[in-house]
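Have a look at the structure below before the remarks.
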Amino acid sequence: MIPTSDIVPGGIPSGWRSVPFWSLFRREKKTGYAEEELLSVYRDHGVIPKSSRDDNHNKPSEDLSGYQLVTEGALVTNKMKAWQGSIAISRYRGIVSPAYYVYTPQSDECDQFLHYLLRSDPYIGLYGRISKGVRVNQWDLEHEALRNIPVLLPDLATQRQIADFLDRETARIDLLIEKKQRLVALLGEKWVSVVENAISTGGKRTKLGHHIDILSGYAFPSSDFSTDPEDMPLLRGANVSPGSMRWDDTVYWSRDRLVEVSRFLLDAGDVVLGMDRPWISSGIRIAELTEEDAPALLLQRVCRIAPRTTMDKQFMKLLLTSRQFLAYFEPIMTGVSVPHISPDQVSSFRFEYIERDEQVRRATAAGRERERIIRVHQSTEKSIDRLKEYRSALITAAVTGQVDVTTYAKSGTPDRRLDAIQEEMDA
């Protein structure tokens, strides 16, 4: 069995014991319950009904007969994401993917304590060390590796004390996180309102194509792609995120062949639009290249949009990221399995035109408001991260016996920590 020092370097507290995982849980695979509710395992939320959230885009199989039954109190883990924390005790009855592991309890230990313990940072780190695979996103925590890990246990009364303490304290932290996440959502709505007000001018409607030039990317043959970072990066749709570029997956083109494709060379300040799946959850995939992004070559399925003399670039970006622009495309893309927009469709978008000087004034005012929103957003996200870090640290300290929860709560330390995090945000 893995030594307990791999989990708690300082050793387990006096009076605690270590038992193997297999003595607490037995793997079971019961199928044929297609009528049961579909469940999913989240890092942050544990086992919950899949229908309760809209951010899980994994599509279930049409035939659910092979999905596994989960009963209340069972331990469920996504073996490919256990190293990220996708392991939890279920409070629901339902079914999960055949790719998951489902374990039924074989002891009278406090299952809520085990829920916190097996999701704590030391255990998540352990899952990462014993998972196998070539790439991080393909790591697998196999059943045989999991069944032999040590599980640290105090006496049953202490387990219940720790679980009750963590239920209370994490509920407080989760409530604060939820409030701050609502603020983040409101900031997003505020920016949408700013954009719509800026482009709603009451002017005469005109086609966007009268005021911009669009260049579609070139169909660079993939057989000629280079992997040499000294060559010229190719800007593909995958590299365009809402508001910025991402270069974690980059291919290149030989600099020796730049002359033949010089027309597609991009520079800092160029505005590009990803035309395949242009709208994602965080917005439309349109961004302006920075000095760090340029130079680059424009690949097919991406277009460069340049304003003419009648159009201010920042006002143009407001138009292209507006709800009006999205509403124009929605009926066009309805029912299409892979949404795609064309340069002609972009050009045909109609908006309320105003003179360029007024465009600049409105775009500048919107920019100032955006800077204010970004500052509050960044401060709020930082506060959320600090709360999550404190939550994880508190759970780890409690389930490994680093703090006596009966005295820790009375000391007022949790209140002071939460107050300090809030003060950081308000500073």
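The values are calculated or read from the model by the stated rules, or taken from the named source; none is laboratory data. Computed from a predicted model, the values in this text were never measured in an experiment. Please note: Cβ atoms are built from the backbone with ideal geometry, for glycine as well, and neighbour counts cover all protein chains shown. Ligands, DNA and RNA are excluded from the accessible area calculation, which covers all protein heavy atoms including side chains. Shrake-Rupley method; radii C 1.70, N 1.55, O 1.52, S 1.80 Å.
Computed over the chain with a Gaussian network model linking Cα atoms closer than 10 Å, the most mobile of Ser347, Ser281, Ser65 is Ser281. At a Förster radius of 45 Å, what calculated FRET efficiency corresponds to the Cβ-Cβ distance of Glu37 and Asp344, to the nearest 0.05? About 0.50, to the nearest 0.05.
Structure shown: which of Lys79/Lys179; Lys79/Lys382; Lys382/Lys410; Lys388/Lys410 lie over 24 Å apart, alpha-carbon to alpha-carbon?
Numbers: Lys79/Lys179 32 Å; Lys79/Lys382 30 Å; Lys382/Lys410 28 Å; Lys388/Lys410 22 Å.
Exceeds cut-off: Lys79/Lys179; Lys79/Lys382; Lys382/Lys410.
Quick check on packing: order 191-198, 120-127, 410-417 by the mean number of other C-beta atoms within 10 Å, highest mean leading.
Values: 191-198: 16.6, 120-127: 19.4, 410-417: 12.2.
Descending packing order for the listed peptides: 120-127, 191-198, 410-417.
Highest mobility in the GNM of the chain, judged by mean-square fluctuation with C-alpha springs under 10 Å and restricted to Lys59, Lys132, Lys382, is found for Lys59.
When a 1.4 Å probe is rolled over the protein heavy atoms, the share of accessible surface on region 170-244 that falls to carbon and sulfur comes to 52 percent. For region 82-204, a Kirkwood radius taken over Cα pairs fed into Stokes-Einstein (10 °C, viscosity 1.306 mPa s) yields D = 86 µm²/s. For the options Gly367, Gly269, Gly85, a Gaussian network treatment of the chain with springs between C-alpha atoms closer than 10 Å singles out Gly269 as fluctuating the most. A convex hull fitted to the Cα coordinates of the chain yields 187 cubic angstrom per residue.
What order do you get for 247-254, 231-238, 37-44 when each peptide is scored by the mean count of other beta carbon atoms within 10 Å, highest first?
Numbers: 247-254: 14.0, 231-238: 21.1, 37-44: 18.0.
Top of the packing list down: 231-238, 37-44, 247-254.
Once fully extended, how much extra length lies between Asp121 and Ser379, figured as 0.36 nm per residue of separation less the alpha-carbon to alpha-carbon distance? Numbers along the way, then the final one.
On the way: separation 258, 0.36 × 258 = 92.88 nm, distance 2.50 nm.
Extra length from Asp121 to Ser379 when fully extended: 90.4 nm.
For a straight C-alpha distance cut-off of 28 angstrom, the lysines reachable from Lys207 (same-chain residues fewer than eight places away being disregarded) are Lys190, Lys313, Lys317. For region 283-427, what percent of Cα pairs sit more than 17 Å apart? Pairs farther apart than 17 Å: 76 percent.
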